[in-house]
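Here the structure comes first, spelled out in structure tokens, and everything after it is commentary.
Computed from the coordinates by the stated procedures, all read-outs in this text should not be read as laboratory data. For clarity, every value in this text was computed on a predicted model and none was experimentally measured. Glycine also receives a Cβ, built like all others from the backbone with ideal geometry; neighbour counts cover every protein chain displayed.
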């Protein structure tokens with residue numbers, strides 16, 4: 001979540017968490033058309049029609065907490081029929097960061113429930129919103145009532161791969 005080398009984020013809104021404090025600060029974010037086009041390319045979806053987020057950031061000396069709501073509308077491709085469909089997302093989220101560097105105790109195991117370490121004071125709320133969008137998206141979007149192309153064009157019965165050899169090996173059904 002810190003600023004560093006690498007490609008520029010598709011949607012960026014950097015805040016200094018040192019300016020936020022315990023009382024917290026509210027942020028309203030809305031991605032522009034150009035930003036939504038770049039987000040759609042990153043998430044490999046036909047388009048993102050809207051992406052908005054309302055977040056409250058609170059910070060202490062050791063922890064940063066972000067609570068918020070994400071609202072988005074996307075055009076997706078149905079996994080069954082390959083037709084275009086609309087996916088609407090509206091859900092709350094909460095993310096925590098720690099300002100305490102992780103201890104390097106040589107342990108290979110990572111605690112997946114532990115807050116992510118934030119090195120420095122810069123936190124990109126735009127990137128955080130895009131990450132929340134990717135987590136909220138249906139991994140297998142299926143249009144209501146869509147008939148699967150596999151089911152529509154598959155053989156009606158379960159045919160054995162050896163069925164084409166039947167009768168060609170020199171034996172008939174009577175002397176097998």
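If you plug the beta carbon distance of residue 37 and residue 104 into 1/(1 + (r/R0)^6) with R0 = 41 Å, you get a FRET efficiency near 0.50.
The label point for residue 116 and the one for residue 160, both projected 7 Å from the Cα toward the Cβ, are 5.5 nm apart. The listed peptides 116-129, 133-146, ordered by packing as a protection proxy, come out as 116-129, 133-146 (highest mean of other Cβ atoms within 10 Å first).
Restricting to Cα pairs below 8 Å that are 6+ residues apart, what does the relative contact order work out to for the stretch 14-147? Please round to a whole percent. Walk me through the numbers before you get to the answer.
Values: 243 pairs, mean separation 34.0, N = 134.
Rounded, it is 25 percent for the stretch 14-147.
Along its principal axes, the stretch 14-147 has C-alpha extents of 53, 37, 22 angstrom, given from the largest down.
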